[in-house]
Amino acid sequence: MRTEIIYADSTGDLEWVGEKAADLLAAGEVVALPAETVYGLAADAMNPDAVAKIFAAKERPAHDPLIVHIFNREDLRLVATIPDDIAEVCKKLRDEFWPGALTLVLPKRPEVPDSVTAGLDTVAVRMPADSVFRAVLKAFQGPLAAPSANRFGRISPTSASAVEDELGGRIPMIIDGGACRDGVESTIIKIEAVEGTKPNFHILRSGPVTIEMLKPFGRCKLPGKKGFISTGIEAPGQLDSHYAPTTPLRVIPRPEDFVPEEGKRYALLTLDGGKKSKLMDAAAWDKIEMLSPGAGKLPEAAVRFFHLLRQLDGEGFDEIIAEPMPDHGVGIALNDRLRRAQHGSGSATQNAADE
């Protein structure tokens, strides 16, 4: 299959791009396109045959659900219902964070194919902010299912060239909209009503919408922490092995935990290389990559994270050593990605999942 690449930068005709992509989507095809988070692989969310092409292109297992993307708040009623006991907080969250990188897990409407939700009675929904994605949604006039545009278990793509490396020849179209603004996948939450007080937000996947941003609206519960409730895989990005390079990766918090082996080549992935870095002098590194050089800013680190991880993965190192990020803000999401990448790294056919 020939993969066509079309460009949608700030000088491009977004209406034309949207209509060209919508024509393919209406014909039951898949299209890779940018989001503010990472690049996604989109298909008509209401067409099971089109959705099957997502799973085939990505070699994704059927038990991993997809996120459904909508153009406006009113379109939520096409794919989900909102229980009365969380209706008020859902409205507040939509008003505050949509369009944007927050995904809500809600009871699904029967019209949504089971292949989208992996047979669950809930559906993950968000309203993206990226102008290219929104142009495609507007032209298509329907909800789009769209996981990350990479092969199953691999590093998420934040550029069109990364999508081409992953899926070139497998899909008919890639829309090049430049680098992604946020650099990591959306935050996914499940809302639990609590009588007489704020609701609980069970964070199924950490992302750009941080705990600090969500706290005014509810009590945030993280996996492994007190009060977190999960019944298994309820949303994308929950499997232990995820976002993984083929190069072995280890997360090491202390220099005494790292003993380099003679003859091996090591790369270090660190936040900023500053005083807080504990591993800078732990070895004669063959390469050091800083996520936020000199500044140590977590939002910048998130934007560069998958790009640098993919770059290191292609440079022939024996192992990538990563320092944990500060455990606040979007650093929580980065630590989550590092943990899952470590679990799945070192094999091109690891048993993993992606967005």
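The values are calculated or read from the model by the stated rules, or taken from the named source; none is laboratory data. If you're wondering where the values come from, they're calculated on a predicted model, not measured in any experiment. Neighbour counts run over all protein chains shown; Cβ positions are idealised from the backbone, glycine included.
Of all the criteria given as (1) modelled with pLDDT of 95 or more; (2) farther than 23 Å from GLY237 by Cβ, the one not satisfied by MET1 is (1).
Return the residues of the stretch 267-294 that are over 27 Å from the mean Cα position of the chain (by Cα) and surrounded by 14 or more Cβ atoms within 10 Å (Cβ to Cβ); say none if nothing qualifies.
Hits for the stretch 267-294 are GLY274, LYS278, LEU279, MET280, ALA282, ALA283, TRP285, ASP286.
Only one entry in ILE67, ILE54, ILE82 is among the β-branched types (Val, Ile, Thr), surrounded by fewer than 19 Cβ atoms within 10 Å (Cβ to Cβ) and modelled with pLDDT of 95 or more, namely ILE82. Considering only residues in the stretch 141-150 that are under 22 Å from TYR7 (Cα atoms) and touching a helix residue (DSSP H, G or I) at 6+ places or on another chain (Cβ under 7 Å), the one that is surrounded by the most Cβ atoms within 10 Å (Cβ to Cβ) turns out to be ALA149. Is there a residue in the stretch 59-80 that is of a type outside the set (A, V, I, L, M), more than 19 Å from GLY28 (Cβ to Cβ) and either free of Cβ contacts under 8 Å to residues at least 40 places away in the same chain or not assigned by TED's automatic domain parsing to the domain that holds ALA26 (or both)? Yes, the stretch 59-80 has at least one match. ARG134 fulfils the conditions (1) buried (at least 24 other Cβ atoms within 10 Å of the Cβ); (2) of a type in the set (D, E, K, R); (3) not in a loop (DSSP other than H, G, I, E, B) except for a single criterion, (1). Checked against (1) over 17 Å from the mean Cα position of the chain (by Cα); (2) more than 29 Å from LEU279 (Cα to Cα), VAL163 passes all but condition (1). For LYS138, the criteria (1) in contact with a Lys or Arg (Cβ under 7 Å, 6 or more places away or on another chain); (2) touching a residue at least 60 places away in the same chain (Cβ under 8 Å); (3) of a type in the set (D, E, K, R); (4) under 22 Å from MET46 (Cα atoms) hold in every case but one, which is (1). GLY169 - would you say it is more than 18 Å from the chain's Cα centre (by Cα), touching a residue at least 40 places away in the same chain (Cβ under 8 Å) and part of a loop (DSSP other than H, G, I, E, B)? Yes.
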